[in-house]
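Report on the following structure.
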Amino acid sequence: MEDIQAVWNTASCYIPTEEKRSKWWQRISTSISSASSSGKYFDQEFFRQKLNFVEEYSDKLTCKKSVVIALLLQYLHYEPKLHGLNEEKTLEYFAEFLQDNLETNGLLSEQNQQILDNVEKLLITAIANSAGIFLHCNAFGDLDEHYFLDIDIAILGSKSEEYFKYTQIIREEYASFSDEQYGKLRKRVGLDRATYYS
């Protein structure tokens with residue numbers, strides 16, 4: 001987990017106090033550790049792969065810090081049985097995270113405001129599961145949100161055995177859904193985009 005924490009420390013170095021940086025790392029690491037110990041998909045290996053993609057495409061990103069922070073906050077609350085509540089909780093966590101980023105005068109520096117605006121945009125894009133440009137066939141984008149979404153679904157372009165393992169784990173996590181409900185959910189996710197990969 002030290003490697004993931006190192007990336008977090010670099011991305012969150014602008015947060016006003018060490019206490020607040022540590023508070024959020026504790027939440028993130030607890031969430032990841034819980035997923036790892038219970039066999040859920042969003043575990044340490046999941047985040048390592050995502051962060052490796054971020055590093056690979058860092059020269060194309062406008063704000064790498066925002067992408068890293070959004071990626072680590074995105075699955076802070078993940079509970080398939082409460083479908084729809086995850087998105088609401090994610091935004092609640094972000095609102096709290098925003099408050100912890102305020103300086104002692106209750107304001108944000110212009111640079112930090114930009115970082116957080118980008119984080120919020122990325123989280124909202126992820127919740128919608130689409131950026132506008134992806135709704136058009138053969139259209140590709142080069143904004144951070146486009147890369148963020150592609151990184152999130154990179155498993156779709158993985159080796160067949162890796163993808164098969166992914167489908168098994170995700171199906172187990174949605175065990176409370178009937179095959180029909182689960183099929184509709186997966187189809188809806190796919191239909192939200194006409195184009196994949198920037």
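The values are calculated or read from the model by the stated rules, or taken from the named source; none is laboratory data. Because the structure is predicted, anything quoted here is derived from the model rather than measured. Note: ideal-geometry Cβ built from the backbone for every residue, glycine included; neighbour counts use all protein chains shown.
When both residues are 6+ apart or on different chains and their Cβ atoms are under 9 Å apart, which pairs have a first residue that lies in region 23-40 and is within 12 Å of Ser12 (Cβ to Cβ), and a second that is among the acidic types (Asp, Glu) and modelled with pLDDT of 80 or more?
Pairs that qualify, where the first residue is within 12 Å of Ser12 (Cβ to Cβ) and the partner is among the acidic types (Asp, Glu) and modelled with pLDDT of 80 or more, are Lys23/Asp100; Trp24/Asp100.
Exactly one of (1) at pLDDT 95 or above; (2) not in a helix (DSSP H, G or I); (3) not acidic (Asp, Glu) is unmet by Val67. Its number?
Against the list (1) at pLDDT 95 or above; (2) not in a helix (DSSP H, G or I); (3) not acidic (Asp, Glu), Val67 comes up short only on (2).
Give the residues of region 157-188 that are of a type in the set (A, V, I, L, M, F, W, C) and within 19 Å of Glu79 (Cβ to Cβ), sorted by residue number.
Ile169, Ile170, Ala175, Phe177, Leu185
For region 6-58, name all the residues that are assigned to a helix (DSSP H, G or I), touching a helix residue (DSSP H, G or I) at 6+ places or on another chain (Cβ under 6 Å) and not aliphatic (A, V, I, L, M).
Of everything in region 6-58, those that are assigned to a helix (DSSP H, G or I), touching a helix residue (DSSP H, G or I) at 6+ places or on another chain (Cβ under 6 Å) and not aliphatic (A, V, I, L, M) turn out to be Trp8, Lys20, Trp25, Ser36, Gln44, Phe47, Lys50, Phe53, Ser58.
For every residue, the table says whether it meets (1) touching a strand residue (DSSP E or B) at 6+ places or on another chain (Cβ under 9 Å); (2) surrounded by fewer than 17 Cβ atoms within 10 Å (Cβ to Cβ); (3) assigned to a loop (DSSP other than H, G, I, E, B); (4) modelled with pLDDT under 85.
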site: Leu123; (1), (2), (3), (4): no, no, no, no
site: Ala139; (1), (2), (3), (4): no, yes, yes, yes
site: His146; (1), (2), (3), (4): no, no, no, no
site: Ile151; (1), (2), (3), (4): no, no, no, no
site: Glu161; (1), (2), (3), (4): no, yes, no, no
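Mind checking which residues of region 166-188 are assigned to a loop (DSSP other than H, G, I, E, B) and either in contact with a strand residue (DSSP E or B) (Cβ under 6 Å, 6 or more places away or on another chain) or surrounded by 13 or more Cβ atoms within 10 Å (Cβ to Cβ) (or both)?
Passing the criteria: Tyr174, Phe177.
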